[in-house]
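Read through the structure below, which is laid out as structure tokens, and then see the notes.
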Amino acid sequence: MKRDNFGSRFGALVAMAGSAVGLGNLWRFPYLVGENGGAAFIVVYIGLVFLICLPIFISEFLVGRRSQKNAFAAFRDLSGGSAWRWVGLFTIIVPMIVLSYYCVIGGWSVEYLLNSLTFSFGGESQGALSTMFTGFVTSTWGPLAAHTGFLLATTMIVVVGIKDGIEKFSKIMMPLLFVMVLSIAVYSLTLPGAKEGVKYLFYPDFSKLTGKSVAAALGQAFFSLSLGFGTIMTYASYVSKKENIMLQSAATAVSDLMFALIAGTAIMPAVFAFGINPQAGPGLVFETLPFVFGQMPAGGLIAILFFIALLVAALTSSISMLEVAVAYLVEEKKFSRLGACAVLFVICWVIGAVCSLSFGPLSHIQIGGGNIFDFLDSLSSNVLMTLGSLFTVIFVGWRLKKTDVYDEFTNGGTLSRNAKIFGVLWFLIRYIAPLAIIAIFISGLFA
Ligand code: PHE
């Protein structure tokens with residue numbers, strides 16, 4: 001059977017950018033910036049994106065496009081059938097875990113979009129909105145229904161296929177998403193008192209930086225660029241051999257970074273304009289922002305725009321996570337696409353339901369000081385993604401032949417600019433990325 005592929009360069013690019021830009025940019029990045037002291041965290045984050053994450057991104061891209069197979073088969077075939085295939089399997093299982101809890105937050109954005117459509121935030125006190133959020137997430141049926149709806153939407157897009165499902169959806173939604181988030185940022189900057197927020201984002205105070213915040217920045221960069229997950233690898237396996245891996249990877253990293261910064265600019269100035277503490281943690285987007293929206297002129301409309309953006313960003317990412325396992329089941333286990341989607345829907349639904357209930361009826365189950373949801377989030381973004389990324393760079397830098405990597409990166413030697421920078425890239429992949437990942441991971445443990 002002929003493999004489905006992305007139909008165009010733009011399509012491949014927006015699909016990858018769609019995977020990268022997600023809740024990580026709009027929900028996670030702003031609150032992590034808040035928790036880790038603002039601009040200094042951002043400076044470190046940018047450095048890590050280009051020095052460590054871009055080489056990892058390119059490594060995943062190389063493996064996917066070289067093999068043109070699912071992640072399991074890619075590791076298996078490129079390593080001549082060795083035990084590396086279990087790393088491939090690892091990068092297929094991890095996104096399923098993340099997808100399960102990601103859909104819970106996706107569900108919250110569905111709920112908040114519905115709330116914003118009825119203008120429920122206007123005139124409410126901050127306390128009332130916090131109570132509304134806590135009341136919702138700790139309840140049983142509402143979040144479950146929202147989570148089910150979000151997972152169903154994800155599955156329906158993926159069932160349709162690469163070109164007509166994932167690519168088409170991303171092509172329409174990504175430009176829209178960009179316009180929405182940019183408009184909110186511009187609006188936010190015009191609010192009186194917005195300056196403090198801008199300062200907070202762009203004037204670094206390095207004294208606030210700790211080993212833990214550097215580790216958090218790396219974890220966030222992995223999460224935001226969808227690394228260590230088999231997703232970039234799987235999407236890359238649908239990219240034409242004519243495309244330039246360097247350009248596509250850099251374009252994705254830059255758009256992801258831009259989205260994070262624009263999202264920060266949409267949120268922080270508004271938060272400061274209303275005198276709110278930016279260190280609200282994970283509740284920032286759902287507890288704090290609705291209050292801010294409720295206070296600002298035309299806030300009702302801005303809230304609708306924001307929650308549509310959040311939902312769209314989450315969907316273009318969740319589809320990329322699901323595709324990893326779908327590709328595996330279809331190609332290795334001979335499932336039909338529909339059958340694979342149905343089985344994975346059920347698995348993710350069950351794990352997601354447990355995560356959703358872990359805020360309410362199951363909140364007594366605590367692992368490592370948090371509920372099941374917190375545990376899975378920190379396990380995957382701090383440990384599993386790190387491992388996945390580390391394995392991938394070691395695979396490309398130490399297991400694959402240098403000539404093969406060169407060949408894939410330069411399209412058989414035809415891309416002269418890529419050929420020129422190959423030496424630097426090879427050094428980053430072989431030495432800097434793995435060592436930095438290990439060093440930062442260890443320092444994060446002890447900080
Ligand atoms: N990058 C996505 C985000 O920022 C999350 C994601 C992680 C998507 C891993 C795919 C794989 O929200």
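May I ask you to say which residue of Ile42, Ile52 is under 16 Å from Ser255 (Cα atoms), in a helix (DSSP H, G or I) and away from the ligand (no atom under 13 Å from the Cβ)?
Being under 16 Å from Ser255 (Cα atoms), in a helix (DSSP H, G or I) and away from the ligand (no atom under 13 Å from the Cβ) holds for just one of Ile42, Ile52, which is Ile42.
Given (1) of a type outside the set (Phe, Trp, Tyr); (2) within 19 Å of the chain's Cα centre (by Cα); (3) closer than 20 Å to Leu89 by Cβ, identify the lone condition not met by Ala309.
Status for Ala309: all satisfied but (3).
Take the residues in region 320-343 that are farther than 24 Å from Gly142 by Cβ and within 16 Å of the ligand (Cβ to nearest atom); name whichever of them is most open to solvent (accessible area, probe 1.4 Å).
Among those that are farther than 24 Å from Gly142 by Cβ and within 16 Å of the ligand (Cβ to nearest atom), it is Tyr328.
Which condition breaks for Leu400 when tested against (1) under 20 Å from Leu54 (Cβ atoms); (2) open to solvent by 10 Å² or more (accessible area, probe 1.4 Å); (3) without any contact (Cβ under 8 Å) to a residue 60 or more places away in the chain?
Leu400 satisfies every listed condition except (3).
Would you please list the contacts, defined by Cβ atoms under 9 Å and residues six or more apart or on different chains, that run from a residue in region 221-243 that is aliphatic (A, V, I, L, M) to a residue that is within 7 Å of the ligand (Cβ to nearest atom)?
Listed by first residue and then by second, the contacts come to Leu225/Ser19; Leu225/Ala20; Leu225/Gly24; Ile232/Ser19; Ile232/Ala20; Ile232/Leu225; Ile232/Ser226; Ile232/Ser320.
Quick check on Ile46: is it touching a residue at least 40 places away in the same chain (Cβ under 8 Å), open to solvent by less than 10 Å² (accessible area, probe 1.4 Å) and within 16 Å of Ala20 (Cβ to Cβ)?
No: the conditions fail for Ile46.
Within region 379-393, does at least one residue satisfy the condition of being more than 16 Å from the ligand (Cβ to nearest atom), part of a helix (DSSP H, G or I) and either touching a residue at least 24 places away in the same chain (Cβ under 8 Å) or closer than 23 Å to Phe57 by Cβ (or both)?
Among the residues of region 379-393, at least one is more than 16 Å from the ligand (Cβ to nearest atom), part of a helix (DSSP H, G or I) and either touching a residue at least 24 places away in the same chain (Cβ under 8 Å) or closer than 23 Å to Phe57 by Cβ (or both), which makes the answer yes.
How many residues, within region 344-359, are surrounded by fewer than 24 Cβ atoms within 10 Å (Cβ to Cβ) and not in a helix (DSSP H, G or I)?
Selection size over region 344-359: 1.
Just checking, which of Phe345, Phe391, Phe409, Phe395 is farther than 26 Å from Ala221 by Cβ, aromatic (Phe, Trp, Tyr) and modelled with pLDDT of 95 or more?
After applying the criteria, what remains is Phe345.
Only one of these conditions is not met by Gly106: (1) in a helix (DSSP H, G or I); (2) open to solvent by 20 Å² or more (accessible area, probe 1.4 Å); (3) touching a residue at least 40 places away in the same chain (Cβ under 8 Å). Which number is it?
(2)
Residue by residue through region 1-36, note down the ones that are open to solvent by less than 10 Å² (accessible area, probe 1.4 Å) and assigned to a loop (DSSP other than H, G, I, E, B).
Matches in region 1-36: Val21, Gly22.
Could you go through region 68-87 and let me know if any residue there is under 27 Å from Asn244 (Cβ atoms), of a type in the set (S, T, N, Q) and assigned to a helix (DSSP H, G or I).
Checked region 68-87: no residue is under 27 Å from Asn244 (Cβ atoms), of a type in the set (S, T, N, Q) and assigned to a helix (DSSP H, G or I).
Being without any contact (Cβ under 8 Å) to a residue 40 or more places away in the chain, open to solvent by 30 Å² or more (accessible area, probe 1.4 Å) and part of a loop (DSSP other than H, G, I, E, B) is the filter here; which residues of region 360-377 pass it?
Leu362, His364, Ile365, Gln366, Gly368, Gly369
Quick check: is even one residue across region 111-130 open to solvent by 60 Å² or more (accessible area, probe 1.4 Å), more than 23 Å from Pro282 (Cβ to Cβ) and of a type in the set (Phe, Trp, Tyr)?
Scanning region 111-130, I find at least one residue that is open to solvent by 60 Å² or more (accessible area, probe 1.4 Å), more than 23 Å from Pro282 (Cβ to Cβ) and of a type in the set (Phe, Trp, Tyr), so the answer is yes.
Does Gly7 satisfy being under 29 Å from Val159 (Cβ atoms), touching a residue at least 40 places away in the same chain (Cβ under 8 Å) and not hydrophobic (A, V, I, L, M, F, W, C)?
Judged against the criteria, Gly7 is a match.
The values are calculated or read from the model by the stated rules, or taken from the named source; none is laboratory data. Since the structure is predicted, the reported quantities are computational estimates derived from the model, not experimental observations. With ideal geometry, Cβ positions are generated from the backbone for all residues, glycine too; neighbour counts draw on all protein chains shown. Remember, those area values only see protein heavy atoms, side chains included, never the ligands or the DNA or RNA. Shrake-Rupley method; radii C 1.70, N 1.55, O 1.52, S 1.80 Å.
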